[in-house]
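Derivation of every value follows stated rules applied to the coordinates shown; laboratory data play no part. No experiment lies behind these values; they were computed from the predicted model shown. Counting neighbours? That spans all protein chains shown, and the Cβs are built from the backbone with ideal geometry, glycine included.
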Amino acid sequence: RKNKGAENRQEEDVKLYDVRRHNSAKVPKSISLIRSFNYAIQGIVHTLKHERNMKIHYIGAMFVLIAALFFNFSKLELIALFFCISLVIVSEMINTAIENVVDIATDKYDEKAKVAKDVAAGAVLISA
C-alpha cells in the first residue's frame, strides 16, 4: 500500500504535467529547453526501470564495452560500436512508445494493433 506522501507527490506530478503541457507558451525558452531535456531523461529512466528488454540491452552494452577495452579497437571501430549500441537502445525506446500508444488506443484484441507491436519488436530485433 502506498503512503500518503507518495500519493500526494503523484497527484502533484499529474498536475505539473497538465500545467507544463498547457502553459508551455508562457515559459521562457531557456526554462522550456531545460524542461524538454528533463522530460527526455524521464523517458530514458522510465524505460530502464520498467522495460525488461531495455535492462538486457544496457547490460549487454556494458559487457561489450568492457570487452572492447581488452582489444585494440581503432577510433573508427569504437565509434561504430557506440553507434550500434545507440541504435539498439533507440529502437527499443521507440518500440516501447509504440506499444504504449497501441495499448492506449485499444483495450481489446485487434489484428492491426498486433501487427504494429510485432513490426516494432521486429525492428528492435533487426537493430540488435
Within region 28-128, DSSP-loop trypsin sites (Lys or Arg not before Pro) with at most 13 other C-beta atoms within 10 Å are Lys108
Residues meeting the amide H criterion for Glu51 (H placed from the backbone, H to H distance under 5 Å, 5 or more places apart or on another chain) are none
Calc'd 3J(HN,Hα), region 35-49, phi into Karplus 6.51 cos²θ - 1.76 cosθ + 1.60 (θ = phi - 60°), Hz, glycine/Pro = x, comes to 4, 4, 5, 4, 4, 4, 5, 4, x, 5, 5, 4, 5, 5, 6
The local net charge around Lys55, scoring Lys/Arg +1 and Asp/Glu -1 for residues other than Lys55 whose Cβ lies under 12 Å from its Cβ, equals 0
For region 91-98, Karplus-derived ³J(HN,Hα) couplings (6.51, -1.76, 1.60; θ = phi - 60°; whole Hz; x for glycine and proline) come out as 4, 5, 5, 5, 4, 4, 4, 4
